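Taken together, the values in this text are just the output of simple stated rules run on the coordinates, not laboratory data. Given the structure is predicted, the values throughout are model-derived calculations rather than measurements. Quick reminder, even Gly has a Cβ in these numbers, built from the backbone with ideal geometry, and neighbours come from all protein chains shown.
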Amino acid sequence: MRFLLTDEQSDLARTLASLLAASDVPGVARAWAAGDLAPGRALWARLAKAGLFALAVPEEHEGLGPLPVELAVAFVELGRYGVPGPLVETVAAAALLPAEHLPALAAGDLAATLTLPGGSPYALDPHAAALVLTVSAQGGLYAAPGHGEPLPSMDPARRLAVPAAGGALLATGVPTAEALRRARLLTAAQALGVGQALLERTVAYVKQRTQFGTPVGAFQAVKHRLADTLLALEFARPLVFGAAVTTADGDVAAAKLAAGGAAYRAARTALQLHGAVGYTQELELSLWLRKARPLRDAWGTPAQCRAEVLARYGEAGRTATARLTT
């Protein structure tokens, strides 16, 4: 099957790219990592005005969706520009929250973060969320009364903490599987955007850096490394958008496995080809380098996603996962 974005979906990507290009996202990410949330909240409001969160909310609750393909398009751009915050978690929460909360979420007035059974016990950026949600093993949705001390993360712009137990019961029998699928799919889309940003910056760098009077990008070994990185990203792209169309568990797991692996490959390539300067925090590249591995592991580690693909597709899945991870 040949999958192409519609004109409207392509326009959405261009609109978000234009908005983010004019928003000094690296400065926003550095402020967010330092604990200054004001620039991030201002950017969040601009994204909400552009309709980002409305894409996750049904029309009867003042939203536009749910539109998984459009959300995937949007989150590729969010990853490409390195936007911080619990964006994935807020969109995933739209699948769980009672109807009275959805208009505020669609308008961008309700940031949320969450943990789900079988996933990580850590919530992303609970200090920045109006709602810290937990789901019990019985399917009860609770608004946690607080959270523990933030834990260190490879990405300074991602703060993790364990939500406090208990809290107000908001709903019962919530669709945790749908929330997990949504979180996993959009994390895959984010990872794809991060990998794209890393590759773009690395290609630009190797055209400028010279060795023996020649741009290093002209060397065959460098070309091969960049080509392998591009192939991994381009292989992951249709899996991400295909999973957005089908929303099947196995397809989402395969997309997450491919996109997370491609982003991590792009980070390793970027670090190697930038040399020692790639290790410096002052270089904007570090804002994306530090995201690749956390996104690879968030909402489904490679081992978890690989096991799910194998369980759902049998021997065909075994062959597919081998290709996704090489």
(message) Restricting to the stretch 228-277, count the residues that are small (G, A, S) and on the phi > 0 side of the Ramachandran plot.
(response) 1
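Checking the structure you have, find out if any residue of the stretch 217-228 is within 14 Å of the chain's Cα centre (by Cα) and under 28 Å from L283 (Cβ atoms).
Taking the stretch 217-228 first, the residues within 14 Å of the chain's Cα centre (by Cα) are none.
No, there is no match, as no residue in the stretch 217-228 is within 14 Å of the chain's Cα centre (by Cα) and under 28 Å from L283 (Cβ atoms).
Consider the stretch 10-24. How many of its residues are acidic (D, E) and either farther than 16 Å from A45 by Cβ or in contact (Cβ under 8 Å) with a residue 60 or more places away in the chain (or both)?
Step one: of the stretch 10-24, the residues acidic (D, E) are 11, 24.
Add one more test, that the residue is either farther than 16 Å from A45 by Cβ or in contact (Cβ under 8 Å) with a residue 60 or more places away in the chain (or both), and what stays is 11.
Result for the stretch 10-24: 1.
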(message) Considering only residues that are of a type in the set (A, V, I, L, M, F, W, C), in contact (Cβ under 8 Å) with a residue 40 or more places away in the chain and not in a helix (DSSP H, G or I), which ones fall in the stretch 270-302?
(response) A298, W299
(request) Look at A292 and say whether it is of a type in the set (G, A, S) and in contact with a strand residue (DSSP E or B) (Cβ under 9 Å, 6 or more places away or on another chain). (result) no
(message) Considering only residues that are surrounded by fewer than 24 Cβ atoms within 10 Å (Cβ to Cβ), among the β-branched types (V, I, T) and within 15 Å of the chain's Cα centre (by Cα), which ones fall in the stretch 247-276?
(response) none
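Quick one: which residue in A106, A93, A74 is hydrophobic (A, V, I, L, M, F, W, C), touching a residue at least 40 places away in the same chain (Cβ under 8 Å) and within 18 Å of L169 (Cα to Cα)?
On the way: A106 fails: within 18 Å of L169 (Cα to Cα); A74 fails: within 18 Å of L169 (Cα to Cα).
Being hydrophobic (A, V, I, L, M, F, W, C), touching a residue at least 40 places away in the same chain (Cβ under 8 Å) and within 18 Å of L169 (Cα to Cα) holds for just one of A106, A93, A74, which is A93.
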(request) Spot the failing condition for T113; the list is (1) touching a residue at least 24 places away in the same chain (Cβ under 8 Å); (2) part of a loop (DSSP other than H, G, I, E, B), and only one is missed. (result) (2)
